[in-house]
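Novice: Here you go, one structure.
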Amino acid sequence: VKGSWINRNRILAAGQPKLITFPLRKANQFFPINQRWLCDEFEQEAQKMLKTLELVYSRAPHKAEVMTLVRQILAHPERNLARFIENSIRRICAYLQIATPIRIGSELGLPARMDKQERVVTIAHKMNAELYINPIGGTELYSHAFFRAQGLTLRFLKMDDLSYPQFNHPFVPSLSIIDVLMFNSRSEAQALLKRFSLVEGIEQPAALQGA
């Protein structure tokens, strides 16, 4: 969790990005997310977040349906961070009519200590995959040569340059899916999700395996 965005994101407030965070119970920052828990005061924190969203998106065209979705997500009783996030992903996928199967990595019986690349390759083999797609931000983490040696094709998902109206302010990119849904109908959001390309990224040395 340390340094990650797993429990935080950005929304739009008065034309500027605003950071929102789910506080966690104190624990080792390097614990995996299935060993982290939302704070004991999460219900109060959730109410604060709802009030913030109601305020900053008060005039958003799709506020009503999106606030209903967010309330359902925040009302989930699970306090384990991984399970809470899993539910939020499933809820958003259902809202957008995305039927892609979702598997839980910790339930695949993998060794506790594995190199990033080894872990991904092992999961891919368990799923009988031939292609692994990673977000574009991971181009320096994975080696094409290593994946080829394991019988896998490696590609990176690069989103097109996207923008959509955000009130009357200049567009602010890289915000939460909440922002996307507040300003776009389901069909518009579905169309935005299709605007990407799969690229090869950078040819990294196979020695990254031990990085």
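Taken together, the values in this text are just the output of simple stated rules run on the coordinates, not laboratory data. These numbers come from a predicted model, not from an experiment. With ideal geometry, Cβ positions are generated from the backbone for all residues, glycine too; neighbour counts draw on all protein chains shown.
Novice: Rounded to the nearest 500 deg cm²/dmol, what is the calculated helix-only ellipticity per residue at 222 nm for the chain, with -39500 (n - 2.57) per DSSP H run of length n ≥ 4?
Specialist: For the chain, the value works out to -10500 deg cm²/dmol.
Novice: Counting only DSSP beta bridges with both residues in the chain, tell me the antiparallel percent, nearest 5.
Specialist: The antiparallel proportion sits near 70 percent.
Novice: Show the residues, 5+ positions off or on another chain, whose built amide H is closer than 5 Å to the amide H of N134.
Specialist: R155, F156, L157
Novice: So what's the net charge close to L53: Lys and Arg +1, Asp and Glu -1, counting the other residues with Cβ under 11 Å from its Cβ?
Specialist: +3
Novice: How tilted is helix 63-74 with respect to the longest principal axis of the chain? Cα atoms for both, answer in degrees (0 to 90, nearest 10).
Specialist: Here the helix axis deviates by roughly 60 degrees.
Novice: Per-residue HN-Hα couplings for region 89-106, Karplus 6.51 cos²θ - 1.76 cosθ + 1.60 at θ = phi - 60°, whole Hz, x for Gly and Pro?
Specialist: 5, 5, 5, 5, 4, 4, 4, 8, 6, 9, 9, 4, x, 10, 10, 9, x, 5
Novice: Mind ranking 83-89, 159-165 by how tightly packed they are, going by the mean number of other C-beta atoms within 10 angstrom, highest first?
Specialist: Those peptides, ordered most packed to least, come out 83-89, 159-165.
Novice: Next up: Output the 0 to 90 degree angle, nearest 10, between the alpha-carbon long axis of helix 42-56 and the longest principal axis computed from the alpha carbons of the chain.
Specialist: 70 degrees
Novice: Angle between the Cα long axis of helix 116-126 and the longest principal axis of the chain, 0 to 90 degrees, nearest 10?
Specialist: So the helix axis and the longest Cα principal axis differ by about 90 degrees.
Novice: Follow-up question, since we're still on this one. For N87 and V199 in the same chain, what is the full-extension length gain: residue separation times 0.36 nm, less their Cα-Cα distance, in nm?
Specialist: Net length gain for the segment: 37.3 nm.
Novice: Round to a whole angstrom and tell me the spacing of the C-alpha centers of region 92-129 and region 5-21.
Specialist: 27 Å
Novice: Using a simple spin-label model with points 7 Å from Cα along the Cα→Cβ vector, what separation in nm is obtained for E54 and F171?
Specialist: 3.2 nm
Novice: Any idea what the dipole of the chain comes to, in debye rounded to 20, about its Cα centre with Lys/Arg Cβ at +1 and Asp/Glu Cβ at -1?
Specialist: 340 debye
Novice: Using the charge dipole of the chain (Lys, Arg: +1 at Cβ; Asp, Glu: -1 at Cβ; taken about the Cα centre), state which of L162, A27, A82 has its Cα farthest towards the positive end.
Specialist: Result: A27.
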